[in-house]
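Structure, as structure tokens:
The values are calculated or read from the model by the stated rules, or taken from the named source; none is laboratory data. Everything numeric in this text was worked out from a predicted model, so none of it was measured. Ideal geometry is used to build each Cβ from the backbone, glycine not excepted, and the neighbour counts take in all protein chains shown. Protein only, heavy atoms only, side chains kept; ligands, DNA and RNA dropped before computing areas. Shrake-Rupley method; radii C 1.70, N 1.55, O 1.52, S 1.80 Å.
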Amino acid sequence: MTATVSARGLTHRFGPLDVLGGVDLEIEAGALLALAGPSGSGKSTLLEITGGLREQSGGLVEVNGSADAAGRLRGCAWMPQRDCLLPWYSALDNASLALVNQGKSRREARKSAAERFEHFGLEGFETARPDELSGGMRQRVAFIRTLLSAKPVLLLDEPLAALDAITRAELQEWLTPVLRESGATVLLVTHDVEEAIYLADRVTVLSPRPGRSIATIDGMRGSPGRRDEVVSSPAFNRKREELLGLLRSDQARGAAR
Amino acid sequence: MKARIWLPPLLLVLFLLGLWQLAASSGFLADVLGLEDFLVPAPSEIADVLWQDRDLIFDNAGTTLVEIAAGFGLALISGLAVAVAFRGSDLVRRAGYPLVVASQTIPVIVIAPVLVVWFGYGIWPKLLIISLICFFPITVNTLDGLRRVDPEAVRMMRSLDGSRMTIFRRVEVPTALPGVFTGARIAAAVAVIGAVFGEWAGSDKGLGHLILQDNAQLMTARMFASVFVLSLIAISLYALIGLLERAVVRWR
């Protein structure tokens, strides 16, 4: 259930546009790495390449020892920024998509998804259509859909960016044990500095386009206590300043170029 | 609530019918046009003929209905097949699209007699003409629906072990369905025109055939009765497809 992810000298270009200019990263089995960087630094592209949804232009990416796109696709579950719930399915059927795709019967798949619905506070909304759910609920359904795929690596592309600040904080707190219990290795793209430090074991900072990995710092995943306490602690504040400093310094460099 | 929807068109139709009835039965229309009274029938006379000759009219309507159903069905099958093939391959789409457009530029009035020469007085020329007319709206609207597929949803499905076939069934088909129904509704409306053209080019039965015969014998009231039944067929088909759409596309 665990796997490692690594990238070395990863580059990518869309036609004449250099998107990634050399990314190195390393995620141990079961760890969560956050990718922080200004918009346009190729974070989403990096995620799609890692997940085998795109071929890179140069460099090496490995998921669980597989360097080819098909192998990476097998090892990763990708969760896009928009929840991408299919409007013609109920919430429960959306959540059980991966299981049905993998050949489980609809009944079995629904049963597994329904257990998660109970766990994740979605009980009673099984037959609701996606447009009847709130933003936070939709995102939780999308998380269940991704988790149920039982892939060893999860690729999360700004999963909470579309939510309001309070819901986002709630879901960050909710997500911590959920990801821990899944045992999955996680690559999380975010431009929210607090989210990166709070959720991640380590945070890698990308430069503006073409994105390069310029620094990696430790996050504070698994800090004891409630989220409110963690994010207002002095240690967290120091981390925040450090990460903001890294982002600022490089943004300045990007602007001067 | 419901009455607010169907009452206005009903009132308008009744009003226009009443106007026509008055103008025709008073002899005003015939005078203005300089015609004999029997050439300008009032709605009441048309209804009379419709009732008296109901066996003849409905017998012929049955023939036309079969032609329409078969032609429409053929167009639906071939239109969907072509749209799916175009979606599947860029090369096929680029090669075939001009032909699809060309199919719509063929003047039906010209091609109909040729088809009768080739296939005789049976159902085949009508079937081909109707499906030729219906093919274009179905194909183009289905293609349009398929183009609305969300590429991000497709990638999500690929990442969650969705095969090409699964993605087609669970993402692409539902996305395209509203377009399919739009195309089918337009096709239903024009299918009747195709049937009449087909029958005019050569036939021994059907409402178009009956209209042609009645025209030769100046039986104007029965011509109107046939036209009435024809539009009833078109409207029913259109409504049927609309009901089907509402039953199937429930997420809109």
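Please pull out the direction-averaged projected area of region B:52-104, using the convex hull of its alpha-carbon atoms, in nm² to one decimal place. Write down the numbers at each step before the final one.
Details: hull surface 17.7 nm².
Mean projected area of the Cα convex hull: 4.4 nm².
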Revision key, fill the gap. Counting only protein heavy atoms and rolling a 1.4 Å probe, one gets per residue an accessible area for chain B in Å² of 54
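If I stretch the segment between residue B:147 and residue B:240 completely, what's the gain in nm (0.36 nm per residue apart, minus their alpha carbon distance), one decimal?
Values: separation 93, 0.36 × 93 = 33.48 nm, distance 2.59 nm.
Extra length from residue B:147 to residue B:240 when fully extended: 30.9 nm.
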Practice item. Among DSSP beta bridges lying fully in chain A, give the percent that are antiparallel, nearest 5. Key: 50
Revision key, fill the gap. Where a ≥ b ≥ c are root eigenvalues of the Cα gyration tensor, a/c under 1.5 meaning rounded, otherwise prolate if a/b exceeds b/c and oblate otherwise, region B:103-206 counts as prolate
Practice item. Could you list the residues of region B:209-225 with an amide nitrogen less than 20 Å from a label point located 7 Å from the Cα of residue B:26 in the Cα-to-C-beta direction? Key: none
Point to revise | Length-normalised contact order for region A:168-257 - Cα pairs under 8 Å, 6+ apart - percent | key: 27
**Study point:** Gyration tensor (Cα) of region B:1-77, equivalent ellipsoid semi-axes in angstrom
**Key:** 31, 22, 12
Check your understanding: Once both axes come from the Cα atoms, what is the angle between helix B:43-52 and the longest principal axis of chain B, in degrees from 0 to 90, rounded to 10?
Key -> 80
**Study point:** Per-selection Kirkwood Rh - region A:119-241 (Cα, Å, 1 d.p.)
**Key:** 15.7
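Hey, what's the per residue convex hull volume over the C-alpha atoms of region B:21-129, in cubic angstrom? Can you show the working numbers first?
On the way: hull volume 19.9 nm³, N = 109.
Convex hull volume per residue, Cα atoms: 183 Å³.
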Check your understanding: Among the lysines, which fall within straight-line cross-link reach of residue A:111, defined as a Cα-Cα distance under 25 Å, with same-chain neighbours fewer than 8 residues apart omitted?
Key -> A:151
**Study point:** Distance-filtered residues of region B:143-160 - backbone nitrogen under 11 Å, label point 7 angstrom along residue B:93 Cα→Cβ
**Key:** B:143-149
**Study point:** Kirkwood-based Rg to Rh ratio, chain A, C-alpha trace
**Key:** 0.97
Exercise for review: Write down the percent of antiparallel bridges among all DSSP beta bridges whose residues are both part of the protein assembly as shown, to the nearest 5.
Suggested key: 50
Exercise for review: Evaluate the Debye formula for region B:154-220 with equal point scatterers sitting on the alpha carbons, no solvent, and hand back log10 of I(q)/I(0) at q = 0.24 Å⁻¹, in q order, two decimals.
Suggested key: -0.95
Point to revise | chain A - percent relative contact order, Cα under 8 Å, separation 6 or more | key: 27
Check your understanding: Of the accessible area of the protein assembly as shown, with the probe set at 1.4 angstrom, what percent is carbon plus sulfur?
Key -> 61
**Study point:** Rotationally averaged projected area of region A:24-105 (alpha carbon convex hull; nm²)
**Key:** 7.3
Exercise for review: Give the peptides A:240-249, A:181-190, B:99-108, A:92-101 in descending order of average Cβ contacts within 10 Å, highest first.
Suggested key: A:92-101, A:181-190, A:240-249, B:99-108
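Provide the gained length on full extension for the span residue B:33 to residue B:124, in nm with one decimal, where the gain is 0.36 nm per separating residue minus the Cα-Cα distance. Numbers along the way, then the final one.
On the way: separation 91, 0.36 × 91 = 32.76 nm, distance 4.00 nm.
Fully extending the segment from residue B:33 to residue B:124 adds 28.8 nm.
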Practice item. Please report the relative contact order for region B:40-248, taking Cα pairs under 8 Å with a sequence separation of at least 6, and give it as a percent rounded to a whole number. Key: 30
Practice item. Enter the angle in degrees (range 0 to 90, nearest 10) between the Cα long axis of helix A:135-148 and the first principal axis of the Cα atoms of chain A, meaning the one along which they spread out most. Key: 90
Study note, to complete from the structure: Largest-first semi-axes in Å of the equivalent ellipsoid built from the Cα gyration tensor of region B:40-248 are 40, 19, 11
Study note, to complete from the structure: With the label point 7 Å along the Cα-to-beta-carbon line of residue A:104 and a cut-off under 19 Å to each amide N, the hits in region B:148-178 are B:156-163, B:166-167, B:170
Practice item. From other protein chains only, count the Cβ atoms within 10 Å of every residue's Cβ in B:149-158, then give the mean. Key: 5
Point to revise | Residue-span extension gain [residue A:165 to residue A:150] - 0.36 nm each, minus C-alpha spacing | key: 2.5 nm
Review point. Counting only Cα, what are the radius of gyration and maximum Cα-Cα distance Dmax of region A:72-155, in Å?
Key: 11.8, 36
Exercise for review: Using only the Cα atoms of the protein assembly as shown, each taken as one equal point scatterer with no solvent, compute I(q) by the Debye sum, divide by I(0), and report log10 of the ratio at q = 0.07, 0.11, 0.13 Å⁻¹.
Suggested key: -0.59, -0.96, -1.19
Point to revise | residue B:102 versus residue B:193: modelled label distance in nm, points set 7 Å from Cα along the beta carbon direction | key: 2.2
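Roughly how much accessible area, to the nearest 100 Å², goes out of reach of solvent when A and B pair up, both sides summed, probe 1.4 Å? Present the calculation step by step, with values, prior to reporting the outcome.
Working: alone 11720 and 14780 Å², together 24490 Å².
Counting both chains, the buried surface is close to 2000 Å².
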